[in-house]
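Following: one structure in C-alpha cells, then a few remarks.
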Amino acid sequence: MTNKPRHPHRKSLPQKLAKRFRPWHRRVGIISAFFVILVSLTGMLINHSHYLALDSMRVQQKWLLDHYAIKAPEKTSVFSLSPLLASTDNLLWQDDTQLLEAANTILSAVEYQGLIVAIDNNNLYLISQQGELLEKQDSSTGLPSALMSLTVQVNDNGSELWLNSENGIYLADSELIEWRTAVPNIKPKWQTPIKHKANPAIIDKITQQARSSHLTWERVLLDLHSGRIIGLSGPWLMDIVALSLIMMAISGLYLWQQTKPKKRKSNA
C-alpha cells in the first residue's frame, strides 16, 4: 500500500490568514499613525490646559474664527480713546480687557467718580476699574425705563450723572441710588459713539477682540481630539480610527502568535 505524496509547501488556514492580515496590518498602521499622534498630543494638552492657560487663551487667527463661523459684532461703538472705552453689541471693553457682558446692546458708557457706568435700554451697570461688576440697576430698583444715553456734567458742586430716556431726563444722587426728573442748567452733551475720531485700525482691533472672546484654544483642542472640528462627520471618522486600532491590536496578536512557534523551532 502506497501513501499519497504530501505537499510540504501547502500552507495551513492560519498561515493563509496571517498572509492576508500582514499587508493590511501594515497599511492600517501607517494610516492610523497620524491620528494616534494627533489624539495623543491633544489629549496631553487638554489634561494640562489649566496649567498652560489654554482654557482662557483666546484664538486670534482669523481663518480659525471663520472656520467656527464666529461673525463680527453687528454694532461696534467707541466712547473714549484715552483710555479706550468701547462696546461690541452687548460687550464692554477697556483697552484689551472685557469689562462687562450686558443683557442687551450697550448704548452708552462713561467714567464717573473712579467707576465706569454703562447702560443698555433697560439696565444700568456700575463697574470698577478692575472690571468687577459692582451693581446692576433696573426698573425694580427705581431706574427709569427705555434708556437712551447718559453723560457726566461738571459744575461748582462737583460732577453729576445725567440719564436720558424716552420718558425724560433724570439726575442721579451722589450715591447713584435714586433718580429724579430734573432740568439741567446747561444742555447736556450726551455720550454717544465718537465715529469721526475712531480710525479703522481701532475698530478692527475691537472687532477682533470680540470675535476672539467666543473661542479658546482649549475648545479647539477638544474639537481636534474628538474630530468635531471638521463637522458632524468628524466623530464618525474618529470612530473608524478607533475600530482600525482595535483591528490592528487583534491582527497584531494573531500575527505574533503565528510567528512565535517558528522562533522556538529555530532556537532549538
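So the values come out like this:
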| quantity | calculated |
| --- | --- |
| Where a residue in the range 30-42 is more than 18 Å from residue 228 (Cβ to Cβ) and its partner, wherever it lies, is surrounded by 11 or more Cβ atoms within 10 Å (Cβ to Cβ) and modelled with pLDDT under 75, with Cβ under 7 Å and at least six apart | 32/241; 32/244; 32/245; 32/248 |
| In the range 174-188, the residues that are open to solvent by 50 Å² or more (accessible area, probe 1.4 Å) and either in contact with a strand residue (DSSP E or B) (Cβ under 9 Å, 6 or more places away or on another chain) or modelled with pLDDT of 90 or more (or both) | 174, 177, 178, 180, 181, 183, 185, 186 |
| Cβ-Cβ under 7 Å pairs, at least 6 apart or on other chains, the range 101-117 side under 19 Å from residue 157 (Cβ atoms) and assigned to a loop (DSSP other than H, G, I, E, B), far side open to solvent by 10 Å² or more (accessible area, probe 1.4 Å) and hydroxyl-bearing (Ser, Thr, Tyr) | 113/159 |
| Meets criteria (of a type outside the set (Phe, Trp, Tyr), out of contact with any helix residue (DSSP H, G or I) (no Cβ under 6 Å at 6 or more places or on another chain) and over 19 Å from residue 205 (Cα atoms)) for residue 103 | yes |
| Scan of the range 118-155 for residues that are under 15 Å from residue 90 (Cβ atoms), open to solvent by less than 30 Å² (accessible area, probe 1.4 Å) and part of a loop (DSSP other than H, G, I, E, B), ordered by number | 120, 123 |
| Evaluation of residue 1 against (1) surrounded by fewer than 11 Cβ atoms within 10 Å (Cβ to Cβ); (2) at pLDDT 90 or above; (3) among the aliphatic types (A, V, I, L, M) (one fails), failing number | (2) |
| Restricting the range 87-100 to residues that are touching a Phe, Trp or Tyr at 6+ places or on another chain (Cβ under 9 Å) and closer than 19 Å to residue 152 by Cα, the residue that is surrounded by the most Cβ atoms within 10 Å (Cβ to Cβ) | 87 |
| Selection status of residue 84, surrounded by 13 or more Cβ atoms within 10 Å (Cβ to Cβ) and within 21 Å of residue 163 (Cβ to Cβ) | no |
| Condition met for residue 49 (in a strand (DSSP E or B), out of contact with any Pro (no Cβ under 9 Å at 6 or more places or on another chain) and farther than 21 Å from residue 177 by Cβ) | no |
| The range 58-71: number of residues that are surrounded by 14 or more Cβ atoms within 10 Å (Cβ to Cβ) and hydrophobic (A, V, I, L, M, F, W, C) | 4 |
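The values are calculated or read from the model by the stated rules, or taken from the named source; none is laboratory data. Since the structure is predicted, the reported quantities are computational estimates derived from the model, not experimental observations. Positions of Cβ are backbone-derived with ideal geometry, glycine not excepted, and every protein chain shown enters the neighbour counts. Remember, those area values only see protein heavy atoms, side chains included, never the ligands or the DNA or RNA. Shrake-Rupley method; radii C 1.70, N 1.55, O 1.52, S 1.80 Å.
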